[in-house]
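Just so you know, all these numbers are worked out from the coordinates, no wet-lab data involved. Computed from a prediction, not measured in an experiment: that's the story for all the values here. Here the Cβ positions follow ideal geometry from the backbone for every residue, glycine too, while neighbour counts run over all protein chains shown.
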Amino acid sequence: MKKFTLLLGLFVVACSMISAVYVHKGYHVGDVAEDFSLKNIDGKMVSLADYKEAKGYIVVFTCNHCPYSVMYEDRIIELQKTYGAQGYPVIAINPNDPAVQPGDSFEDMKVRAKEKAFNFAYLFDEGQKVFPKFGATRTPHVFLLDKSRTVKYIGAIDDNPKAADKVEETYLVDAIKALQAGKNPEPSFTKAVGCSIKIAK
C-alpha cells in the first residue's frame, strides 16, 4: 500500500510538472524577447533592430481571415498613427500556416494590406518559428516590449472586439501610457481573445 501511495504521489508530481511546462510556454512579462527577421509584404526583411528610434514595440500576431483580427484592423491602424509617431511602432505578424488556412498566404497578406492601407509592417512568420517563442496562441495577440525588448504587457488590445465605440478597458493603450510615464503596466497580462493559430499537423 505504501508503495502504491508513493507511486501515485510521484505520478501526480510528474503530471504537475508536465502541466507547468505546457502552461508556461513562451515569454512572460519581464522576459527579454529575441530579435527576429521576417519578410514584410514589400518583400524586405524586417527586424526589431531596424527601428532605430523606437522607445518600445507593439508586436501584434494577427492575420487576414480571423473575424476578430478583421474587427481590430482599424484599431491597429489607429495605434500605429498615434503611437508609432511617439516611438512605439506596430509590428504585425501573421503566424498562420497557409497550408491550413489558404486565406493567410503571403500573397493574400499583400492584397489585404493594400485594401486596408496598412500603415505598419505586416510580416509573415514563414516556418512558424517566431510565434512559439512569444507564446502567442490567438489572433490577435499583443506583446508590448520596451526599448530593451523586455516584455511589459501580454494579451488583448481592449475589452470589446466587436465594438470599438463600446470599449471600456483600453488595456494596450493604458500599458503604453504606463511605459511613457516610466511605470510598469497594470494589468500586465490579460487573456487574448480571437482565433486559434493555425498549425500544420
For a quick check: sort M71, M109 by the number of other beta carbons within 10 angstrom, fewest at the front. M71, M109
What fraction, in whole percent, of alpha-carbon pairs in the chain exceed 28 Å separation? 28 percent
Restricting to DSSP loop positions (anything but H, G, I, E, B) with no more than 10 other Cβ atoms inside 10 Å of their own Cβ, which GluC sites (Glu not before Pro) remain in the stretch 77-172? E168
So how do K133, K201 line up by other beta-carbon neighbours within 10 Å, fewest first? K201, K133
Three-way shape call for the stretch 146-201 based on the alpha-carbon gyration tensor, with the a/c threshold at 1.5: oblate
Residue-normalised 222 nm signal for the chain, counting each DSSP H run of n ≥ 4 as -39,500 (n - 2.57), nearest 500 deg cm²/dmol, is -9500 deg cm²/dmol
Residues K44 and D159, FRET efficiency given R0 of 30 Å [Cβ-Cβ distance, rounded to 0.05]: 0.30
Quick one: what are the phi-derived ³J(HN,Hα) couplings along the stretch 90-96, Karplus 6.51/-1.76/1.60 with θ = phi - 60°, whole Hz, x for glycine and proline? 7, 10, 8, 10, 8, x, 6
By how many degrees, between 0 and 90 and to the nearest 10, does the Cα long axis of helix 106-116 differ from the longest principal axis of the chain? 50 degrees
